[in-house]
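Remarks on the structure that follows.
The values are calculated or read from the model by the stated rules, or taken from the named source; none is laboratory data. Nothing here was measured: the structure is a model prediction, and the numbers come from that model. We place every Cβ from the backbone using ideal geometry, glycine too, and count neighbours over all the protein chains shown.
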Amino acid sequence: MPCPLFLPDSPLGGTALAGSASAAPLGAVFEGLCGVDPQAEIPESLLKQGCNTGYARDKCPRAAAIENDATRFRIKSHISGIIEVAWSLERDHHPVAVGTLRLAELPETSEPLELQARACAAVYLRRTGAGW
């Protein structure tokens, strides 16, 4: 359940949450930027326990200023080069919006929701050994 503002970039090597990378909401801990201020430096502790995990209102002033606390993802299907990812935006551990994204290998966007869904899909592909 990453922060809805998080723009994941690449897996953060050698890092785990709760003893296992599988505990990470996107399936791995990611480096990345904040969608509010991409130039802002994010301390590693906030990156691991805020950006990657959501619910960071008490740790990050940018997260405290938005309506949603976290985004949750689930791979629904992978058929003919299309990965369908279900998503849910949460506030106080309750869904406030839900939907699905159909992702093809290309194109990409800079929207946080799609970047996060693509990061989740990339971890799924790596774990299953599948290709687009």
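Sub-9 Å Cβ pairs linking a first residue in region 6-28 that is on the phi > 0 side of the Ramachandran plot and basic (Lys, Arg) to a second residue that is part of a loop (DSSP other than H, G, I, E, B) and at pLDDT below 50, at least 6 apart or interchain, number zero. Taken over region 79-93, the residue count meeting the criterion of being more than 16 Å from residue 1 (Cα to Cα) and surrounded by fewer than 18 Cβ atoms within 10 Å (Cβ to Cβ) is 5. Kindly provide the set of residues from region 23-35 that are farther than 20 Å from residue 88 by Cα and surrounded by fewer than 23 Cβ atoms within 10 Å (Cβ to Cβ), ordered by number. If the condition is that a residue be farther than 20 Å from residue 88 by Cα and surrounded by fewer than 23 Cβ atoms within 10 Å (Cβ to Cβ), then 31, 33 are the ones that fit.
Do the conditions hold for residue 65, that is, is it among the aliphatic types (A, V, I, L, M), in contact (Cβ under 8 Å) with a residue 40 or more places away in the chain and under 25 Å from residue 43 (Cβ atoms)?
Values: among the aliphatic types (A, V, I, L, M): yes; in contact (Cβ under 8 Å) with a residue 40 or more places away in the chain: no; under 25 Å from residue 43 (Cβ atoms): yes.
When the stated conditions are applied, residue 65 does not pass them.
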